[in-house]
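Visitor: Here you go, one structure.
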Amino acid sequence: MTALAMGWIGRRAIIGVAAMLAVCVVSARATPYLVVDADSDQVLAQNDATAPWYPASLTKLMTVYVALDAVRSGKLTLDTPLVMSVRAARMAPSKMGFRPGTEVTLDNALKMLMVKSPNDVAVMVAEGVSGSVEAFADDMNAAAQRLGLHESHFVNPNGLHDPAHVSSARDMAMIARALLREFPEHADLFSIGALQLGNQYIPNHNGLLGRYPGADGMKTGFTCPAGWNVVASASDYGRRLIVVVLGAPTARSRNQEAADLFDRGFAMSGGIGSLESLPPGSGPAPNMRADVCLRRNAAAIAAAEDEGVAEPIQSAGSAGRGVVLPNPFAALLAPASAHTVLSDERIRFDPVRVFVGPVAGWKGPVLGARPNGAAAASNDRSGAEANAPASPHVSRSRQKLFRHAPRTSQKVVAAKAVKPQTGAGDSEK
């Protein structure tokens with residue numbers, strides 16, 4: 001064996017040892033995390049991966065799964081317009097802020113869900129697909145049972161806090177795996193770096209996109225009770241990993257922890273068992289409000305997600321989260337290239353264009369809230385009118401302002417400060 005080959009093997013072994021030591025150092029005090037190989041289904045590292053947790057906007061991955069499953073079964077199409085109801089429009093931020101009666105195609109709604117994470121659009125999707133939030137929650141729980149989820153129970157499509165709305169790191173990884181396996185043609189939905197709605201540039205909250213090599217999705221989430229959550233996927237030399245981090249004290253520490261877990265996962269070859277083999281969790285989900293939001297005002301909380309890339313990392317001691325502590329063995333056991341430090345640079349992406357209103361020439365139904373999840377609204381748009389009698393539909397002239405552009409792959413362009421929209425208070429991201 002050549003010296004070069006011996007050196008390569010030695011380097012990989014050192015990285016692997018460092019990765020395992022890093023996991024051991026942090027696991028005793030860390031809140032839930034999970035690293036799984038998306039193809040082999042082998043768990044590479046985990047801590048409390050089956051502990052019940054508030055998923056926050058990670059919920060929207062299940063919302064997308066149920067919606068795409070409805071398209072697959074022929075209930076509607078991606079071009080089907082959905083209507084914003086009064087109930088949907090009243091959701092707490094983060095939101096698009098569309099007036100009741102506004103129509104958005106399912107395709108555009110799903111893109112908005114994955115990038116802006118609007119709670120009003122999530123309800124609009126739920127009502128359009130299943131007729132009501134309650135009926136959609138039933139569909140979410142039925143899908144959870146089919147997928148073999150253990151700790152999850154859903155009561156809404158957006159993840160706004162409800163004590164009965166829970167999941168786990170393992171269950172969220174299983175939803176992500178199902179989306180990638182069952183709907184590979186829609187994988188680019190989770191990697192959109194930014195949207196363009198009229199003259200609005202709307203960046204994705206996922207701080208790994210454009211910063212971690214190979215990162216290609218999927219979804220972030222935040223409420224004060226949940227902390228900062230993420231389900232992320234990344235690929236390296238044909239190998240794809242899924243990482244889940246729950247309950248981080250800041251957006252920045254969440255992103256960096258996910259990057260650290262990807263580094264460790266890609267350095268490992270063996271696993272500790274499959275997702276299904278992890279023992280089920282039990283007990284109530286903890287409320288992280290005191291650790292995450294107690295010393296922050298509403299404006300700081302609302303801005304934290306969008307500004308999280310440049311946010312100082314909170315002390316691990318004050319947050320009770322050991323995973324952001326530096327690993328004392330890293331400098332001795334792993335080369336610098338084994339640790340990816342995420343950039344603070346504000347990334348600007350080529351945005352994917354979305355629009356309000358139906359596609360040109362649409363003659364099919366417009367779907368909205370329906371009593372008892374009844375049949376779709378008729379072609380004369382009476383369903384949309386019933387949802388918002390005082391609000392006119394989007395005019396054809398306004399639709400022209402938001403002309404549809406086909407989904408394209410994202411590339412990073414010149415870094416530039418971008419002022420995003422933010423919500424307020426205990427908002428969902």
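The values are calculated or read from the model by the stated rules, or taken from the named source; none is laboratory data. It should be emphasised that the depicted structure is a prediction, and the values quoted were computed from it without experimental measurement. Ideal geometry is used to build each Cβ from the backbone, glycine not excepted, and the neighbour counts take in all protein chains shown.
Visitor: Which of the numbered conditions does K219 fail, given that it passes all the others? Conditions: (1) within 23 Å of M268 (Cα to Cα); (2) modelled with pLDDT of 95 or more; (3) assigned to a strand (DSSP E or B).
Guide: (1)
Visitor: Go through segment 247-323 and tell me which helices (runs of 4 or more DSSP H), entirely inside it, have 3 or more residues that are modelled with pLDDT of 90 or more. Before you say what the answer is, go through the steps one by one.
Guide: Numbers: elements: 251-267, 289-292, 298-304, 316-319.
In segment 247-323, the matching helices (runs of 4 or more DSSP H) lie at 251-267.
Visitor: Now for a different question. What residue, among those in segment 48-64 that are more than 19 Å from L189 (Cα to Cα) and small (G, A, S), is surrounded by the most Cβ atoms within 10 Å (Cβ to Cβ)?
Guide: Here the residue is A56.
Visitor: With V341, V366, V352, V356 as the choices, which residue is among the β-branched types (V, I, T) and either at pLDDT below 50 or surrounded by fewer than 17 Cβ atoms within 10 Å (Cβ to Cβ) (or both)? Give the steps one after another, and end with the answer.
Guide: Numbers: V366 fails: either at pLDDT below 50 or surrounded by fewer than 17 Cβ atoms within 10 Å (Cβ to Cβ) (or both); V352 fails: either at pLDDT below 50 or surrounded by fewer than 17 Cβ atoms within 10 Å (Cβ to Cβ) (or both); V356 fails: either at pLDDT below 50 or surrounded by fewer than 17 Cβ atoms within 10 Å (Cβ to Cβ) (or both).
Unique residue meeting the criteria: V341.
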